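Handing you a structure now.
The values are calculated or read from the model by the stated rules, or taken from the named source; none is laboratory data. Owing to the predicted nature of the structure, the values given are computational and were not obtained by experimental measurement. Every residue, glycine among them, receives a Cβ derived from its backbone with ideal geometry; neighbour counts consider all protein chains shown. Calculation scope for accessible area: heavy atoms of the full protein, side chains included, ligands and nucleic acids excluded. Shrake-Rupley method; radii C 1.70, N 1.55, O 1.52, S 1.80 Å.
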Amino acid sequence: YIAKDAKGAIDVTLIEPSKRYYTCFFSNLYLGGFRDYETLGHSYEGLAANGGVNVVHDWASAVDADAKSVRLASGASLGYDKLVLSPGIDLKYDSVPGYSPEAQGRMPHAWKSGTQVQLLKNQVQNMKQGGTLVMVAPPDPFRCPPGPYERVSMIANLLKQSNPGAKIIVLDPKEKFSKQALFMEGWEREYPGMVEWIPASIYGSIVSVNPETLEIETDLDTFKPDVATVIPAQKAGAIAALAGVTDGDWVPIVPASMQSRANPDIYVVGDASVASAMPKSGFAANSQAKVAANHIRGELTGSRVFPASFANTCWSLIGPENGVKVGAKYAAGEEAIEATDSFISQTGEGADLRKATYEESVGWYDSITSDMFS
């Protein structure tokens, strides 16, 4: 949007290590058998060919905020007038005792773009008949608040077809979660008796996980599943800390511009930012990026900067053509991004409305990925 709207007045460079990006959003639908994995993949060629963006496939290894430069893993450095960071999340592996980067091969988190979701699906498909899957859900705040529960739904859909006697147990450090009534209604209707949700008020805490035996010890009991997926606590991607803009785990921002509070020449959008009322979602990140782009264009060219407005919708699929959604509109307050209007699907909705909601989500996926990559 900066390159397009500035009409050549601003040079825009994207630093991105991967040549193909696989979206986290809709990866649950791959798990559930509703999408092929390759439909989640997108290249950056359109940005270079059509968007006027200089795409550099390399790792950003450091930021020198004083010199206003980014060092690349190749050894080169790029100078900037304005820097946008969208590093997503890093995982706090040690937030779950016994979990580690090495453990993710046996207990996949599948919470970042890449092949982890393929590993998890393979494990589910090869689970013994009548077996048990245990998910350790993450504490707030985390990427995609309804995501773990849509994942449960999609795994249940897969098991319903090939392993109907299987069971899914969710160990949740939270006492409530996004769209809880909708998911619980859906689990009972679509997968009766298959899903059991256990909050921390019942199981206490996770004492340890053992990736060799897959055992998960809690204050209540030791669970011995056939498949285990562990989603640990999260924090801003590492480059944000290297740039000196984090405060604790996340990056405080100026609501009207998405500038980091630590440095007005560094903007932070998406999951890494403290966006107050806005959840950490793909839709939210896209909305925040457009606010940042408008502000950067104004700063560098003197063009008009429009008042910041944001939006978000999170769709979730519970079962075949059983889609639900939650969302809101937001405005920039003095200290925080604040919700001005909101909506959520209701329990008891008819099949036609749920089907239309699912179809709406598919249209959104096609639209947002075209917006991002072409």
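For segment 1-101, what are Rg and Dmax over the alpha carbons, in angstrom?
Rg then Dmax for segment 1-101, in Å: 17.3, 52.
Shifting gears a bit: Relative to the Cα centre, what is the charge dipole magnitude of segment 122-197, using +1 at the beta carbon of each Lys and Arg, -1 at the beta carbon of each Asp and Glu, and rounding to the nearest 20 debye?
Details: 9 positive and 8 negative charges, 40 e Å.
Once rounded to the nearest 20, the dipole reads 200 debye.
Return a whole-number percent for the relative contact order of segment 197-239, with Cα pairs under 8 Å and 6 or more residues apart as the contact set. Each step should come with its number before you reach the end.
Working: 39 pairs, mean separation 11.0, N = 43.
Dividing the mean separation by the residue count of segment 197-239 yields 26 percent.
What distance in nm separates the two pseudo spin-label positions at residue 69 and residue 160, each 7 Å out from Cα along the beta-carbon direction?
5.8 nm
Under the √(5λ) rule applied to the eigenvalues of the Cα gyration tensor, what semi-axes describe the equivalent ellipsoid of segment 93-172? Give them in Å, descending.
Working: eigenvalues 90, 42, 30 Å².
Ellipsoid half-lengths, sorted descending, are 21, 14, 12 Å.
Would you work out what percent of the accessible area of segment 264-343, with all protein chains in place, is carbon or sulfur (probe 1.4 Å)?
The value for segment 264-343 is 51 percent carbon and sulfur by accessible area.
Rounded to the nearest 0.05, what FRET efficiency do residue 175 and residue 9 give with R0 = 56 Å and r taken as the Cβ-Cβ distance? Could you check?
That gives a FRET efficiency of 0.65.
At 7 Å along the Cα-to-beta-carbon direction for both residue 42 and residue 374, put a label point, then send me their distance in nm to one decimal.
Label-label distance for residue 42 and residue 374, simple model: 1.1 nm.
A further question follows. Output the pairs from 128/167; 121/224; 19/82; 179/235 with a Cα-Cα distance over 21 Å in this structure; if there are none, say none.
Violating the 21 Å Cα-Cα cut-off are 19/82; 179/235.
Can you work out the FRET efficiency for the pair residue 329 and residue 213, with r the C-beta to C-beta distance and R0 = 41 Å, to the nearest 0.05?
0.30
Okay, moving on. Keeping all protein chains in the complex and leaving out DNA, RNA and ligands, what accessible area do you get for residue 160 with a 1.4 Å probe, in Å² to the nearest 10?
Near enough 100 Å² of accessible area.
Given that compact globular proteins tend to follow 2.2 N^0.38 Å, what is the ratio of the alpha-carbon Rg of segment 90-236 to that value?
On the way: Rg = 14.0 Å, N = 147, 2.2 N^0.38 = 14.7 Å.
Cα Rg divided by the expected 2.2 N^0.38 Å: 0.96.
Here's something else I'd like to know. With all protein chains present, calculate the accessible area of residue 102 using a 1.4 Å probe and round the result to the nearest 10 Å².
We get 140 Å² for residue 102.
Considering only C-alpha atoms, what is the centroid distance from segment 214-292 to segment 1-75, in Å?
18 Å
In addition: Can you give me the pair-distance distribution of the chain, C-alpha pairs, 10 Å bins, whole percents?
5, 22, 32, 25, 13, 3, 0
Calculated FRET efficiency, residue 224 and residue 35, Cβ-Cβ r, R0 30 Å, to nearest 0.05?
It comes to 0.40.
Counting heavy atoms of the protein chains only and a 1.4 Å probe, report the per residue accessible area for segment 97-175 as a whole number of Å².
Heavy-atom SASA per residue in segment 97-175 reads 36 Å².
Right, here's the next one. Before anything else, pin down the relative contact order of the chain: Cα pairs under 8 Å, at least 6 apart, normalised by residue count, whole percent.
Answer for the chain is 18 percent.
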